[in-house]
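Chemist: The structure under discussion is supplied below as structure tokens; questions concerning it will follow.
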Amino acid sequence: MLSFVAGVVNISGVLSIHTLTTNVTGHFAFFSEYFVQGHYQVALDFVSYIAAFLLGAFCCGFLVEVLLRKKPAISHTIPMLLETAILIIAAFANASIPTEWLARVLLFSMGLQNALVTKISQATVRTTHLTGLFTDLGIELSQLFFYRNTPSTKKLSRSIYLRLAIIAFFFLGGVIGGFLYTEIRLYTLLLAAGALLTALAYDNLRFGFHYYVRKMRSKA
């Protein structure tokens, strides 16, 4: 679901402000290009985009650590609600936000999301960009030729399935978001916000179900 969100945000940023809004790799290249050409103000804009992503990741990490010490049950909920609020505000205020600030806001939200998923998965999963996923997928696909019918086969297959699912949902978010953007413009971000709320609801329902089952078993 979070990869789907990133796909929607990515295509919304590209179509609305012609800027990458889910990762910062490309912004380093643009910064270098404009800096070499002597367009220092434009180059600084790209530095600010990178800083916005970094700030989002920092805020997420800080929030999670604080909440883990005070209210661990909602340590991951609050960052997701914050990201949802940011996307909703960006969707409704798009006409009044300058292009540069819209890029910074979206990059901040994606830095927030990427840091959250990184902490939850213990640095094994990313959802806002695909470079690392395709690298890991290529490595694991090559390992299939050497680890057949071994104890590692099941674990390897599950990892490949997970990466394929994340990649597929990123593409799905991009395609659906692209079609929606032609009709409702930046209100497409509301789809991403809805996906975040759906993921939160599912997570809480699943937690509640397992808690109830364990409680009933303990009574039995």
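Chemist: Over region 18-83, what is the relative contact order in whole percent, taking alpha-carbon pairs under 8 Å and six or more residues apart?
Modeler: Answer for region 18-83 is 22 percent.
Chemist: If you fit an axis through the alpha-carbon atoms of helix 151-184 and take the longest principal axis of the Cα set of the chain, what angle between them do you get, 0 to 90°, nearest 10?
Modeler: 40 degrees
Chemist: To the nearest 10 square angstrom, how much accessible area does Met110 have with a 1.4 angstrom probe?
Modeler: 0 Å²
Chemist: Determine the dipole magnitude for region 19-156: charges of +1 sit on the beta-carbon of Lys and Arg, -1 on that of Asp and Glu, nothing else is charged, the reference point is the Cα centre, and the result goes in debye to the nearest 20.
Modeler: Numbers: 9 positive and 7 negative charges, 142 e Å.
About 680 debye.
Chemist: Next question. Under 19 Å from a label point 7 Å along Cα→Cβ of Leu144: give me every residue in region 150-190 with its amide N that close.
Modeler: 150-169
Chemist: Aspartates and glutamates within cross-link reach of Lys119: Cα-Cα under 12 Å, excluding same-chain residues under 8 positions apart?
Modeler: Glu65
Chemist: What is the spin-label model distance, in nm, from Lys155 to Ala201 if the labels are put 7 Å beyond Cα along the C-beta direction?
Modeler: Rounded to a tenth, the inter-label distance reads 3.7 nm.
Chemist: Once the convex hull of the C-alpha atoms of region 24-134 is built, how many Å³ does it hold per residue, rounded to a whole number? Before the final figure, lay out the partial values.
Modeler: On the way: hull volume 12.1 nm³, N = 111.
Hull volume normalised by residue count: 109 Å³.
Chemist: Still on this structure: Which residue fluctuates most in the GNM of the chain (Cα springs below 10 Å): Phe171, Phe145, Phe28?
Modeler: Highest fluctuation of the listed residues: Phe145.
Chemist: Percent of accessible area on region 113-220 owned by carbon and sulfur, 1.4 Å probe? Can you show the working numbers first?
Modeler: Details: 4810 of 7450 Å².
For region 113-220, the apolar C and S fraction of the accessible surface comes to 65 percent.
Chemist: Considering only Tyr181, Leu141, Thr22, whose Cα is most displaced toward the positive end of the charge dipole of the chain, charges sitting on Cβ of Lys, Arg (+1) and Asp, Glu (-1)?
Modeler: Checking the options against the dipole of the chain, the answer is Leu141.
Chemist: What accessible area per residue, rounded to a whole number of Å², is obtained for region 30-96 using a probe radius of 1.4 Å? Write down the numbers at each step before the final one.
Modeler: On the way: 4010 Å² over 67 residues.
Per residue, region 30-96 has 60 Å² of solvent-accessible surface.
Chemist: How much accessible area per residue does region 113-220 have, in Å², with a 1.4 Å probe?
Modeler: On the way: 7450 Å² over 108 residues.
Per residue, region 113-220 has an accessible area of 69 Å².
Chemist: Moving on. Tell me, what HN-Hα J-couplings in whole Hz come from the Karplus equation 6.51 cos²θ - 1.76 cosθ + 1.60 at θ = phi - 60° for each residue of region 128-139, using x for Gly and Pro?
Modeler: My calculation for region 128-139 gives 9, 8, 10, 4, x, 5, 5, 5, 5, 5, x, 4 Hz in order.
Chemist: What 222 nm value per residue comes from the helices of the chain, counting each DSSP H run with n ≥ 4 as -39,500 (n - 2.57) and dividing by all residues, nearest 500 deg cm²/dmol? Provide the component values of the computation, followed by the final result.
Modeler: Working: 8 runs with 175 residues, N = 220.
Helix-only estimate at 222 nm: -27500 deg cm²/dmol.
Chemist: Springs between alpha-carbon atoms under 10 Å, Gaussian network over the chain: tell me which of Gly177, Gly138, Gly61 tops the mean-square fluctuations.
Modeler: Gly138
Chemist: Related question: Quick one: what are the phi-derived ³J(HN,Hα) couplings along region 116-124, Karplus 6.51/-1.76/1.60 with θ = phi - 60°, whole Hz, x for glycine and proline?
Modeler: 5, 5, 4, 5, 5, 8, 6, 6, 9
Chemist: Let me ask something else. Any chance you could tell me what percent of the C-alpha pair distances in the chain go past 29 Å? Please report the intermediate quantities before stating the final value.
Modeler: Working: 8365 of 24090 pairs.
Summing the P(r) of the chain above 29 Å gives 35 percent of all pairs.
Chemist: Rounded to a whole number, what % of the accessible area of region 29-112 do carbon and sulfur atoms account for, probe 1.4 Å? Could you put the intermediate results ahead of the total?
Modeler: Numbers: 3370 of 4600 Å².
The computed percentage sits at 73.
The values are calculated or read from the model by the stated rules, or taken from the named source; none is laboratory data. Since the model is a prediction, treat every value here as computed from it, not as a measurement. All Cβ positions, even for glycine, are placed from backbone atoms using ideal geometry, and neighbour counts span all protein chains on display. Quick note on the areas: whole protein, heavy atoms, side chains included, nothing else; ligands and nucleic acids left out. Shrake-Rupley method; radii C 1.70, N 1.55, O 1.52, S 1.80 Å.
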